[in-house]
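Undergrad: One structure, as structure tokens, below. Some questions next.
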């Protein structure tokens, strides 16, 4: 029997205080990349629920016409208008109830950056909407603001020169009050990562924070010689924001070179804490000044390309009898940290993948033990792979269940390091790392529900191939995601039961959202399998399958009259 | 005479044996193509298509490597690699596809010519786009030899010294007023429906698009070039000017 929704809501304040509840939940709109600036990817809409989800049907479909790469961006919905960006920076404003085009904008074909660098890859993870503007990053590393009403360009500013850094910014910008903050990629290259804040009104720079501190700055002493110059650490995804603490939270990328550390770590360095700061860390920055308030390094001397660049989920929960403002953060290894978000204090951790041989464990104060590092001149089979126990796609969090929902992949890789020297803007991974399927398995991924407070896995649903699409949780106790075969499906948030599935025609490498217009709840999902990078890489693991390309948005709702 | 000399050099370069060329090709491949996010070592795996044992012939490989594949991540290496490197990497990929005796004689257009710089000029080049100086570097607004953001029109005349650089007259900088705010502006275009200009208030400049009704423009500005080159000392500016003198074509 389904518990009436009002009863559950009435019980909630005992579990989660109203403030975090309000800050993390979306309603009619889907205003930010992560739903809200707390990055829950959770909608309070419950018109579609566990009992009627079986009736979901497409309400409208939108083909972007941009088939250069997959549609992987998270749409933004504000006041019944959806803002969607395709891989080659075509931006659309759509009537979110009907899918008709209100305006569209095409970014002119940009000049290419360094041949064979990160700046060659084509993808875009989303726009940000604020201050009457639609803001997005481009392949040639500009940040562009369009007029939200007309789609006309308002301002455009260069974040960096892709012909020199080989980098660009293709993740959704984060809106923080009167500013828009962007990171960038290039941390697997000879490059020094940074976050940059621009004023939404004028496009002028407000502040820049370098992940790798320069000479004279605290943390620079954790770098050997001049290695800080090309130390990587690029914060290539989207952060979070707590308005009450006025702190911006961001995950930073791996140190460069990835698989070989002799040029960046002094011999005899204690690797239990703070090596090559502030790479592979979660950082908290003052939103107004960009000054570092605290950091927590998850992978000191990251030798596995595990990054820590992923989404940061903010919530308030009872921990050992005390209400705490916490954040939950998974890095590419699947190791997930629970920290006090006021101070950065380590509270607990859990490890999502079943196969994890790069460490033997984590101490009670959050230190890695039993590191199995890549070694020059050897090939080691290490798990998880650089593709990630989870890729960059986001988890979801439901305040109704208190659980996190995450896809987890069980893929390993053979890492063979080399000792190449850096060349600015060129790849500086220093190793080969072909992905390998682990032996004696018939499934290579699973969707899991985790309780971040007890570090317990609540349920797990296996899947044959890999899962590289973001999760969506709703107040209808549903969890949505898609698979590479094209199925978009809904699980029961409480027990993982598969309640509904729809074949959308192309693989899922993007995200789904929920919103409402005139009282009707919609669930929108991007489709199209990624042809390069991780998406392209896993295709080689499953040669018998065709994970289909495309660039189509499919929007579902309950049929009129059946609600 | 010049042509003859070029041919002689070409012959010497191609005097490498096949194993030497393939070794060079593998080295180029490892730096530019093999990274695991692309084609992987020996073209066997990665995020981009497998290249080994695909039955590609050398002509196809040469065309693809030289021109790239439009609207994909595959760049055109024809202008990014030297001719010798291009030939070597094509031969190497051909060898991965079972071509027993790949051609190792260069053909087609050469890559960018190598410019020999003195130590001082090379230092000037590095300073011009020094990423440690953030937005304070010259390449924030100037593009030279393919590096930098072309905000300013191409540099046509190089100032004699650091003092002349600081005193540089900038009559093209005007003043734009949007609402109640005035700002130094570099006008790009004025059309019936849009006024497009760079706002030079802070670095990096911001390209603004305004409707003609929303912006007023006036000649002259208090903006000075000397106010944006403070990231360099005089010796560094001298090195940059030295580099510009050998690079800028009047």
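Undergrad: Among (1) more than 30 Å from residue B:143 (Cα to Cα); (2) modelled with pLDDT under 95; (3) in contact with a strand residue (DSSP E or B) (Cβ under 8 Å, 6 or more places away or on another chain), there is one condition residue A:116 misses while meeting the rest; what is its number?
TA: (1)
Undergrad: Do you know which residues across region A:332-352 are in contact with a strand residue (DSSP E or B) (Cβ under 7 Å, 6 or more places away or on another chain) and part of a loop (DSSP other than H, G, I, E, B)?
TA: The answer is A:334, A:341, A:342, A:343, A:344, A:345, A:352.
Undergrad: While we're here: What is the number of the single condition among (1) in contact with a helix residue (DSSP H, G or I) (Cβ under 9 Å, 6 or more places away or on another chain); (2) modelled with pLDDT of 90 or more; (3) in a helix (DSSP H, G or I) that residue B:19 does not meet?
TA: (1)
Undergrad: Kindly indicate which of B:50, B:54 is touching a helix residue (DSSP H, G or I) at 6+ places or on another chain (Cβ under 9 Å), assigned to a loop (DSSP other than H, G, I, E, B) and over 22 Å from residue A:118 (Cβ atoms).
TA: From the options B:50, B:54, the qualifying one is B:54.
Undergrad: Out of curiosity, is residue A:560 modelled with pLDDT under 95 and in contact with a helix residue (DSSP H, G or I) (Cβ under 9 Å, 6 or more places away or on another chain)?
TA: For residue A:560, the condition - modelled with pLDDT under 95 and in contact with a helix residue (DSSP H, G or I) (Cβ under 9 Å, 6 or more places away or on another chain) - is not met.
Undergrad: Follow-up. Keeping to region B:127-169, report how many residues are part of a helix (DSSP H, G or I) and either surrounded by fewer than 17 Cβ atoms within 10 Å (Cβ to Cβ) or within 14 Å of chain A (Cβ to nearest Cβ) (or both).
TA: The number of residues fulfilling the criteria is 14.
Undergrad: Here is a follow-up. Which count do you get for residues in region A:545-555 that are part of a loop (DSSP other than H, G, I, E, B), touching a residue at least 60 places away in the same chain (Cβ under 8 Å) and surrounded by fewer than 24 Cβ atoms within 10 Å (Cβ to Cβ)?
TA: Final tally of qualifying residues: 4.
Undergrad: Against the definition (without any contact (Cβ under 8 Å) to a residue 24 or more places away in the chain and over 21 Å from residue B:132 (Cβ atoms)), how does residue A:239 come out, yes or no?
TA: no
Undergrad: Any chance you could count how many residues in region A:69-100 are without any contact (Cβ under 8 Å) to a residue 60 or more places away in the chain and within 14 Å of chain B (Cβ to nearest Cβ)?
TA: Matching residues across region A:69-100 total 3.
Undergrad: Continuing with this model, one more query. Checking residue A:464 against (1) buried (at least 24 other Cβ atoms within 10 Å of the Cβ); (2) within 23 Å of residue A:404 (Cα to Cα), which test does it fail?
TA: Failing condition for residue A:464: (1).
Undergrad: Turning to a different aspect of this structure: Just for strands (runs of 3 or more DSSP E) wholly inside region A:477-535: which have at least 2 residues that are surrounded by 24 or more Cβ atoms within 10 Å (Cβ to Cβ) and modelled with pLDDT of 95 or more?
TA: Where strands (runs of 3 or more DSSP E) fall fully within region A:477-535 and carry at least 2 residues being surrounded by 24 or more Cβ atoms within 10 Å (Cβ to Cβ) and modelled with pLDDT of 95 or more, they are A:478-482, A:487-492, A:512-517, A:520-527.
Undergrad: Here is a further query. So, residue A:114, is that one in contact with a helix residue (DSSP H, G or I) (Cβ under 8 Å, 6 or more places away or on another chain) and within 9 Å of another protein chain (Cβ to nearest Cβ) or not?
TA: Yes.
Undergrad: How many residues does region A:119-137 contain that are touching a strand residue (DSSP E or B) at 6+ places or on another chain (Cβ under 6 Å) and assigned to a loop (DSSP other than H, G, I, E, B)?
TA: Here the count works out to 2.
Undergrad: So which of B:221, B:227, B:202 ends up being assigned to a helix (DSSP H, G or I) and either at pLDDT 95 or above or closer than 19 Å to residue A:205 by Cα (or both)?
TA: After ruling out the rest, the residue left standing is B:227.
Undergrad: Sticking with this structure for a sec: How many residues are within 27 Å of the chain's Cα centre (by Cα) and at positive phi if we restrict to region B:21-42?
TA: Going through region B:21-42 one residue at a time, the tally reaches 1.
Undergrad: Where residues in region A:202-223 are surrounded by fewer than 17 Cβ atoms within 10 Å (Cβ to Cβ) and not in a strand (DSSP E or B), which of them is nearest to the other protein chains (Cβ to nearest Cβ)?
TA: Checking each candidate, the answer is A:214.
Undergrad: Please work out if residue A:443 is touching a strand residue (DSSP E or B) at 6+ places or on another chain (Cβ under 6 Å) and within 14 Å of chain B (Cβ to nearest Cβ).
TA: no
Undergrad: Can you say whether residue A:542 is in contact with a helix residue (DSSP H, G or I) (Cβ under 8 Å, 6 or more places away or on another chain), in contact (Cβ under 8 Å) with a residue 24 or more places away in the chain, within 14 Å of chain B (Cβ to nearest Cβ) and assigned to a loop (DSSP other than H, G, I, E, B), as far as the supplied structure shows?
TA: No, not satisfied.
Undergrad: Any residue at all in region B:50-61 that is surrounded by fewer than 23 Cβ atoms within 10 Å (Cβ to Cβ), at pLDDT 85 or above and within 11 Å of chain A (Cβ to nearest Cβ)?
TA: yes
Undergrad: Right, something else. Please verify whether region B:180-188 includes one or more residues that are in contact (Cβ under 8 Å) with a residue 24 or more places away in the chain, surrounded by fewer than 19 Cβ atoms within 10 Å (Cβ to Cβ) and farther than 30 Å from residue A:210 by Cα.
TA: yes
Undergrad: Being at pLDDT below 95 and under 23 Å from residue A:452 (Cβ atoms) narrows it down to one residue among A:37, A:21; which is it?
TA: Matching residue, one of A:37, A:21: A:21.
Undergrad: Ok, one more. Restricting attention to region A:512-529, does a residue exist that is in contact (Cβ under 8 Å) with a residue 12 or more places away in the chain, within 27 Å of residue A:400 (Cα to Cα) and within 14 Å of chain B (Cβ to nearest Cβ)?
TA: no
Undergrad: Then there is this: Might you let me know whether region A:321-329 holds any residue that is buried (at least 19 other Cβ atoms within 10 Å of the Cβ) and either outside any strand (DSSP E or B) or free of Cβ contacts under 8 Å to residues at least 12 places away in the same chain (or both)?
TA: Within region A:321-329, not a single residue is buried (at least 19 other Cβ atoms within 10 Å of the Cβ) and either outside any strand (DSSP E or B) or free of Cβ contacts under 8 Å to residues at least 12 places away in the same chain (or both).
Undergrad: If you scan region A:241-260, which residues turn out to be within 17 Å of residue A:307 (Cα to Cα) and crowded, with 24+ Cβ neighbours inside 10 Å?
TA: Residues satisfying the conditions are A:249, A:250, A:251, A:252, A:253, A:254, A:255, A:256, A:257, A:258, A:259.
Undergrad: Out of the residues in region A:429-440 that are within 14 Å of chain B (Cβ to nearest Cβ) and in a loop (DSSP other than H, G, I, E, B), state the one that is nearest to residue A:417 (Cα to Cα).
TA: For region A:429-440, the residue satisfying everything is A:430.
The values are calculated or read from the model by the stated rules, or taken from the named source; none is laboratory data. The structure presented is a predicted model; accordingly, all values stated were derived computationally and were not measured. Cβ coordinates were reconstructed from backbone atoms using ideal geometry, including for glycine residues, and neighbour counts include every protein chain displayed.
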